[in-house]
Each structure stands twice: as C-alpha cells, then as structure tokens.
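Encoded as structure tokens, the structure appears first; notes follow it.
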Amino acid sequence: TRPADTTGPTATITLADSALTVGETTTVTIRFNEPVTNFDASDVVLTDANGTLGTLTANADGKTWTATFTPTANVNDTTNTISVNL
C-alpha cells in the first residue's frame, strides 16, 4: 500500500505577451506539477482579468494546458489577473 496523495497540484501561469493592445490575443500556458484531468474553463478565475479565455487544450502529459486569452477592448489595467482555482 501507499499513502494517499492529500496535497493538490500547484500551477504556474504564463502569458506569451503580457502587454496587449487593441485587437491582440495571447497564449496562456498553465503548467501543473503533476498531471491533472477534467480541467476546464470553470477552474480558471478571470474575475479580474478583463477578458475571456478560449478552450483549454492539454498536452499529452496532462501537465501543460494552453488557451487563447482575448482582452476586453478599451481597458487599460496593469492589475489584471488570471488564476487557477486549485
């Protein structure tokens, strides 16, 4: 037997471009420290992001997920955040 894994995964979020202008989008990459399943848009917190996230796609290893972020037009805010509800 082995002990149960009682710790959740950790995640790191990176954007290909963090200074978007009107009409631009960027790739959001979410890397987990272990494979995850059933991860979808409802797990991503965009409350303070001023934009939308496209469909999440997983790499074969289940640790790296990507999606396209589209910012809200006419918003200039350097405090925008994207997070994962772990």
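All of V22, V28 fail the test of being over 10 Å from the mean Cα position of the chain (by Cα) and in contact (Cβ under 8 Å) with a residue 24 or more places away in the chain, apart from V22. Residue count for the range 42-59 satisfying the condition of being exposed (fewer than 14 other Cβ atoms within 10 Å of the Cβ), hydrophobic (A, V, I, L, M, F, W, C) and either modelled with pLDDT under 90 or more than 10 Å from the chain's Cα centre (by Cα) (or both): 0. Residue check: is N59 out of contact with any Lys or Arg (no Cβ under 9 Å at 6 or more places or on another chain) and touching a residue at least 40 places away in the same chain (Cβ under 8 Å)? In short, no. Which of the residues belonging to the range 54-86 are in contact with a helix residue (DSSP H, G or I) (Cβ under 8 Å, 6 or more places away or on another chain) and of a type in the set (S, T, Y)? Listed by number, the list holds a single entry, T55.
Conditions (1) surrounded by 11 or more Cβ atoms within 10 Å (Cβ to Cβ); (2) β-branched (V, I, T), marked per residue:
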residue	(1), (2)
I30	yes, yes
V36	yes, yes
D61	no, no
T66	yes, yes
F69	yes, no
A73	no, no
N85	no, no
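Is it fair to say V36 is within 11 Å of V84 (Cβ to Cβ), touching a Ser or Thr at 6+ places or on another chain (Cβ under 7 Å) and not polar (S, T, N, Q)? No. Taking the criterion of being farther than 26 Å from T7 by Cβ, of a type in the set (S, T, Y) and part of a strand (DSSP E or B), the residues of the range 36-86 that qualify are T52, T68, T70.
The values are calculated or read from the model by the stated rules, or taken from the named source; none is laboratory data. Fair warning: this is a prediction, and the values are worked out from it, not measured in the lab. A quick note on method: Cβ atoms are made from the backbone with ideal geometry, for glycine too, and the neighbour counts reach across all protein chains shown.
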